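The values are calculated or read from the model by the stated rules, or taken from the named source; none is laboratory data. Since this is a predicted model, take the numbers as computed values, not measurements. Cβ placement follows ideal geometry from the backbone for every residue including glycine, while neighbour counts extend to all protein chains displayed.
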Amino acid sequence: MADLHRVRDALRASMTAWATLDLRGDQARVALAPDLDVLAPQLDLLDPAWSLTWACDSVSPPVVRARLTVHGVVREGLAAAHSLPDAKRAALADLARTYGVRPTSDPVWVEYDPEDGANTTELETDTPAPTEAPERPLPPEPPRDPQMEKARRHIEDLLEQLKVAGRGGEAARILMRGYGETLEESRAIYKELHAILRG
């Protein structure tokens, strides 16, 4: 459990990057996200065999899934953003939430220049550095429920069908909240996705 706390601390300390989530004219909505260049050396110290993999669930709009493995513990994050690199940062921020790490601010609108990108200079000086929170135990990993695993596989199979049908973006918006915490929630998500497939 101590290793999970150290991973959480590493994620908290790396929350120094910004992901551009949306664009509207000359405005961009940005959210705080972990900087992989800051995070990687800290994870190297915790577990030299750690891994971070990415999966692109949709190219337009960009939806990315991040999967972090440290000491055999696997956590995932899923996010959509303006570009693939931004979706990767946002997915890493979503993954950080599974460790109890929350951004120090909500997404905000800033000036956007097509050549220079989002102007986050003022945000970086105004955003307080993450503070050390008192040690709180992480919730224990829930026991694997075979029915939930089966439901997840069905949702993933349906997601593949939706991607082939060109409806991956619509499905990604539904899956932004995850696959469901209970079997009933997973079934409801499956029904929503199935309705999209039927059109």
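So which residues in the range 10-29 are closer than 22 Å to Gly100 by Cβ and either without any contact (Cβ under 8 Å) to a residue 12 or more places away in the chain or buried (at least 19 other Cβ atoms within 10 Å of the Cβ) (or both)? Spell out how you get there, then give the answer.
If we filter the range 10-29 for residues that are closer than 22 Å to Gly100 by Cβ, which is where we start, we get 10-19, 21.
Those that are closer than 22 Å to Gly100 by Cβ and either without any contact (Cβ under 8 Å) to a residue 12 or more places away in the chain or buried (at least 19 other Cβ atoms within 10 Å of the Cβ) (or both): Ala10, Leu11, Arg12, Ser14, Met15, Ala17, Trp18, Ala19, Leu21.
Can you tell me which residues in the range 149-166 are out of contact with any Gly (no Cβ under 6 Å at 6 or more places or on another chain) and under 18 Å from Ala87 (Cβ atoms)?
Listed by number, the residues that qualify are Leu159, Lys163.
Within the range 86-120, which residues are assigned to a loop (DSSP other than H, G, I, E, B) and not acidic (Asp, Glu)?
Those that are assigned to a loop (DSSP other than H, G, I, E, B) and not acidic (Asp, Glu): Thr98, Tyr99, Gly100, Val101, Arg102, Pro103, Thr104, Ser105, Pro107, Pro114, Asn119, Thr120.
Out of the range 61-76, which residues are of a type in the set (Gly, Ala, Ser) and surrounded by fewer than 22 Cβ atoms within 10 Å (Cβ to Cβ)?
Across the range 61-76, the qualifying residue is only Gly72.
Is it the case that Pro41 is out of contact with any helix residue (DSSP H, G or I) (no Cβ under 7 Å at 6 or more places or on another chain) and assigned to a loop (DSSP other than H, G, I, E, B)?
For Pro41, the condition - out of contact with any helix residue (DSSP H, G or I) (no Cβ under 7 Å at 6 or more places or on another chain) and assigned to a loop (DSSP other than H, G, I, E, B) - is not met.
Give me a count of the residues in the range 36-60 that are surrounded by fewer than 19 Cβ atoms within 10 Å (Cβ to Cβ), in contact (Cβ under 8 Å) with a residue 24 or more places away in the chain and under 26 Å from Leu123 (Cα atoms).
Count: 3.
Report yes if Ala79 is assigned to a strand (DSSP E or B) and either surrounded by fewer than 16 Cβ atoms within 10 Å (Cβ to Cβ) or out of contact with any strand residue (DSSP E or B) (no Cβ under 9 Å at 6 or more places or on another chain) (or both), otherwise no.
Details: assigned to a strand (DSSP E or B): yes; either surrounded by fewer than 16 Cβ atoms within 10 Å (Cβ to Cβ) or out of contact with any strand residue (DSSP E or B) (no Cβ under 9 Å at 6 or more places or on another chain) (or both): no.
Spelling it out, it is not the case that Ala79 is assigned to a strand (DSSP E or B) and either surrounded by fewer than 16 Cβ atoms within 10 Å (Cβ to Cβ) or out of contact with any strand residue (DSSP E or B) (no Cβ under 9 Å at 6 or more places or on another chain) (or both).
How many of the residues making up the range 162-181 are in contact (Cβ under 8 Å) with a residue 24 or more places away in the chain and more than 18 Å from the chain's Cα centre (by Cα)?
The qualifying residues number 4.
Please pick out the residue among Pro143, Pro139, Pro130 that is part of a loop (DSSP other than H, G, I, E, B), surrounded by 14 or more Cβ atoms within 10 Å (Cβ to Cβ), of a type outside the set (Lys, Arg) and at pLDDT below 75.
The conditions single out Pro130.
From the set of residues in the range 70-103 that are of a type in the set (Val, Ile, Thr) and under 19 Å from Asp37 (Cβ atoms), which is nearest to the chain's Cα centre (by Cα)?
Among residues in the range 70-103 that are of a type in the set (Val, Ile, Thr) and under 19 Å from Asp37 (Cβ atoms), the one nearest to the chain's Cα centre (by Cα) is Val101.
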